[in-house]
Structures are given as C-alpha cells and as structure tokens.
1. Among the candidates 342, 374, single out the residue that is among the aliphatic types (A, V, I, L, M) and assigned to a loop (DSSP other than H, G, I, E, B).
2. I'm told residue 92 meets every condition in (1) crowded, with 24+ Cβ neighbours inside 10 Å; (2) in a helix (DSSP H, G or I) except one. Can you identify the failing condition by its number?
3. If you go through segment 343-362 one residue at a time, how many are open to solvent by 20 Å² or more (accessible area, probe 1.4 Å) and without any contact (Cβ under 8 Å) to a residue 40 or more places away in the chain?
4. One residue is enough: does segment 351-360 have a residue meeting the conditions farther than 20 Å from residue 243 by Cα and touching a Pro at 6+ places or on another chain (Cβ under 8 Å)?
5. Out of everything in segment 187-208 that is under 16 Å from residue 243 (Cβ atoms) and of a type in the set (A, V, I, L, M), what residue ends up being farthest from the chain's Cα centre (by Cα)?
6. Restricting the first residue to segment 59-88 and requiring it to be among the basic types (Lys, Arg), which pairs with a second residue that is part of a loop (DSSP other than H, G, I, E, B) meet a Cβ separation below 7 Å and a spacing of at least six or different chains?
7. Identify the residue in segment 319-342 that is among the aliphatic types (A, V, I, L, M) and under 19 Å from residue 250 (Cα atoms) and, among all such residues, is surrounded by the most Cβ atoms within 10 Å (Cβ to Cβ).
8. What number goes with the only condition from (1) over 20 Å from residue 69 (Cβ atoms); (2) modelled with pLDDT of 90 or more that residue 279 does not pass?
Amino acid sequence: MNMKYWVLLFALLTFFIPLSHAQQHGKIKKIVIDAGHGGSDPGCIGKKSKEKDVNLSVALKLGKLITENCKDVQVVYTRKTDVAVKLYERAQIANNQHADLFISIHCNAAENKNAKGIETFVMGLSKSDANMDVAKKENAVILKENNFENNYDGFDPNSPESYIVFSIYSSAYLKYSAMLAAKVQRNLVMNTQLTDRNVQQAEFWVLYKVAMPSILVELGFLSNAQEESYLIKPATQDLMAVSIYNAFVEYKNQMEGTNKPTLPVTTAVERFAGKTEEPASDRISETKAVKESKPEKTEITTEIKTDTPVANGKNGEVIRFRVQFATSSKDIALTDSRFEKVKTVKKYHENNLWKFTSGDEAIYEDALALLKIVKATYPDAFLIAFSNDKKIPVSEARDLLKK
C-alpha cells in the first residue's frame, strides 16, 4: 500500500482517539444542526430545486421547533444562510461546541429516476454498493475546496484505498446514533408515507469526524420528479421538521428519563400523491429498520366486549384510531400487569407478530390526545387506524370520516 495512506491512517487515528472521551451521555444540552451543502455547492439538482435550499429550510424549521419548545437545549447551526461551509469545518463546529448531538440534513439523487424514499445514516462500513455511492457523493464535496489535500489529510473520496481509514472508527457513539436514527426514520416515514429505505451505515466523513452521536438524513430524491414536487412544498418541509423534532424529543426522553410530549402532526399537510404504503413504524427493530412484507390478512383480537360500534365513515364504515405501543412474538393476555398503565388494551396479529394497542377512538383529535398520554410510558408509540376492523393507513381513515 502507498505510504501516504499509512500516514493518513495514523493521522486520523491520533486525531480521533482524544475525541472519544469528549462525550458524556446523559442530559441533551446542545445540538448541532447541519444543513448540507450551500453557497457555490448546490448539492443535488432537481428540475425545480436545489438540495442546498431544501436542506436549509428543514434545518431552520427544526432548529426553531427545538428552540421554542425545549428551553434547556441550545441549537447551533453549521449555516443559517446560503453560504458554503467546508466539510471539515462542519465537524469542527460540532466538536468545538462540545455538542451532545449532530444531525446533518440532506436530499438524495440517483441515475435511476424512479429511486425514491427516506433513509437515515449512521457512521459505519457500507453494507452495499448503493450505500457507498451515497457516501462518495456526499464526501466528494471536498474536491471543490481549495487545499483539500491538507484539510483532509490526503483523503480522496474517489479512491477505495482512502476508505480504509473508516475501519478504525470507534463504536462509542454507534449505539446512541442508531437509537436516534431509528426514531427519526420511523417518524419521517410514518408522517410522510414516503418509501422506507431504512436505517443504513456508510462512510461519511462528517459523521466520522464528530465526537458525539450523529446521523445524516436523506429526506428524499430530488431526481424523482414526483418526490421533488412533494419535497419542495413548505407544508412538507414543516412536516419533516416536526417529524425530526418529535424523534429528538423521544430520544431526549429516553436518555434523560423524562416524558416531554411530542408535537401533534398538523392535519393540513397533503399526503404524498395519496400514497398509502405501510408506515415504517410497524417495524420492530429499534436500532435497524426491518423489512416486512405487507400482510395479506390481519387478525383482530380484542378480548373486550363492546357495544355495537357506531358507523362514522362516509360510506357507513366504522372508523377507529388506536395507539400502538408494543410488539411481541408471543401472545400476551390483555390483563397482563405490564399493561396496567394503558387503557382499553387491544391486540392484533400481523406478520407473525402480536401488536398491542390502546384506545378505540372514533375522533382523530381524541386519538392524538391519547397518543400523548401513552407516549409518557411508551415513547415509541404511534397511531394506527381501522375500518370495520381492517387495518388501513391513518391518512385513509381520516379521509373516510364523515365531514
């Protein structure tokens, strides 16, 4: 191997080791929000938009939500305007600020114009060529910088040999990064109904260099005309900011042992082209999203006698909203003591798993109120809906309600 790569390896190792002691897990007091690209670097370019603009809009909206609703958390931005910030400077900002979290916001692109969906990355060795391609695309921005050879210790984003440095990455923050990534991915997919591309690992320079739990979010594909049209809408950007904020609150609650409520998802946001894909929140992995096939049949078991349900749908359907809070491979009695803090417990069987819910609300707003209550005990709880005991997307159920 060329000597310069051994020099690079040694330089990066000596740089990173001292940082591994900088983060003390516990209270979340400071978060760095990184709007990818900017200035002379537009990022991905769609037919109607530039990635740098979408990234900045969502980043600023997210930061505002945290500032207004989490008074104990300081928000630091790597950029607040359309300016170029070097990749290594983004990591330096986070490290110099001794931040507790780092969230980098991006949009995706691919030669395949049908590629679509959301994915959230944590630092790690790529498990696929596709993940490596995403990392190379994001790392390649350093080539536009003056004197990049010195600023990045000779790292060449287009050279496979350069990526050996990532094999020395410390896993000290991987657990917490994956925890946050899973919550962000679930909230974004559940609320937007965009395709779930799961939580992934890849060799991102900016994630490698920050000494704290960190994630990089790809909000969607600007190379997909339909998805681009959705991503550039202010309402969509609001929805994505709220989704990431709620994931942040869930993570903060879990780390601090608190029960701060999340924000309700606005009822005014337009769903993506009527898409009714199964939300990612039905997947059971906390640290890695798990692909499951859509069920052909859903079995409903209530074990609770109820009065004849009143139809409230436009076409005479019985529409009900429930809060799903737990999943198990084993059937558990609804009278189990583990459910004593939850009201009106029901369960259903789907994809060879038992899923447990609270409530049976005919009014959407009542279900949102219940969701806040259940989240105090089960932070990862989320809404689901049924029509005549058949599970359907929440967006479809709301459309079917009588006006």
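1. 342
2. (1)
3. Looking only at that region, the number is 3.
4. Step one: filter segment 351-360 for residues farther than 20 Å from residue 243 by Cα, giving 351-360.
Within this subset, residues satisfying the condition of being touching a Pro at 6+ places or on another chain (Cβ under 8 Å) are 351.
Within segment 351-360, one or more residues are farther than 20 Å from residue 243 by Cα and touching a Pro at 6+ places or on another chain (Cβ under 8 Å).
5. Among those residues, the one meeting the criterion is 194.
6. Taking only residues 6 or more apart or on different chains, the pairs are 79/85; 86/145.
7. Among those residues, the one meeting the criterion is 323.
8. If we test residue 279 against (1) over 20 Å from residue 69 (Cβ atoms); (2) modelled with pLDDT of 90 or more, just (2) comes out false.
The values are calculated or read from the model by the stated rules, or taken from the named source; none is laboratory data. The shown structure was predicted, so the numbers you read here are calculated from the model rather than taken from an experiment. Backbone-built Cβ (ideal geometry, glycine too); neighbour counts: all protein chains shown. SASA here: full protein model, heavy atoms, side chains in, ligands and nucleic acids out. Shrake-Rupley method; radii C 1.70, N 1.55, O 1.52, S 1.80 Å.
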